[in-house]
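S.K.: This is the structure I want to talk about, given as structure tokens.
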Amino acid sequence: MELNPVFARRLYLAALVEEMERPNVPRLIEATGWPRRTIQDVLKSLSGLGIDMTFIQDGKRHNDGYYQLKDWGPFRRDWVEDKKRDIRSYIN
């Protein structure tokens, strides 16, 4: 299996959002070591793959809250979970 690094990054981040409790940008930065802007860009791009993700507002400030993956779209969640290690290897 060979994956484009950009595509792999998107699948990997979607998997992290699904498995983490209340994932927000700071927690995703901590989990991945990626810059804030990279995280934000990847989150924004997921809808282009058909992955349905939403931001749950949970606070008084406009950016208090977390992300929730609602639907994997054309991807099988179990395949992504099974291949997560392989997917991660194509990112770097």
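Readers should treat all values here as calculations from the given coordinates under stated rules, not as data from a laboratory. Everything numeric in this text was worked out from a predicted model, so none of it was measured. For neighbour counting, all protein chains shown are included, and Cβ atoms are generated from backbone atoms with ideal geometry for every residue, glycine included.
S.K.: Given a cut-off of under 8 Å on Cα pairs at least six residues apart, what relative contact order in percent is computed for the chain? Each step should come with its number before you reach the end.
M.R.: Details: 104 pairs, mean separation 35.0, N = 92.
Relative contact order of the chain: 38 percent.
S.K.: Suppose every Lys and Arg Cβ carries +1 and every Asp and Glu Cβ carries -1, with no other charges. What dipole size does the stretch 5-89 come out with about its Cα centre, to the nearest 20 debye?
M.R.: Working: 16 positive and 13 negative charges, 64 e Å.
It comes to approximately 300 debye.
S.K.: When the helices in the chain are scored as -39500 (n - 2.57) per DSSP H run of 4 or longer and the sum is shared across all residues, what 222 nm value do you end up with, to the nearest 500 deg cm²/dmol? Working shown, then result.
M.R.: On the way: 5 runs with 45 residues, N = 92.
Taking each H run of at least 4 residues, the total per residue is -14000 deg cm²/dmol.
S.K.: Something else: Amide H of Gly65 versus every other amide H placed in the peptide plane: which residues, excluding those fewer than 5 positions away on the same chain, fall under 5 Å?
M.R.: Asp58
S.K.: Given (i) 0.98; (ii) 1.31; (iii) 0.95, which label gives Rg/Rh (Cα atoms, Kirkwood Rh) as computed from the coordinates?
M.R.: (iii)
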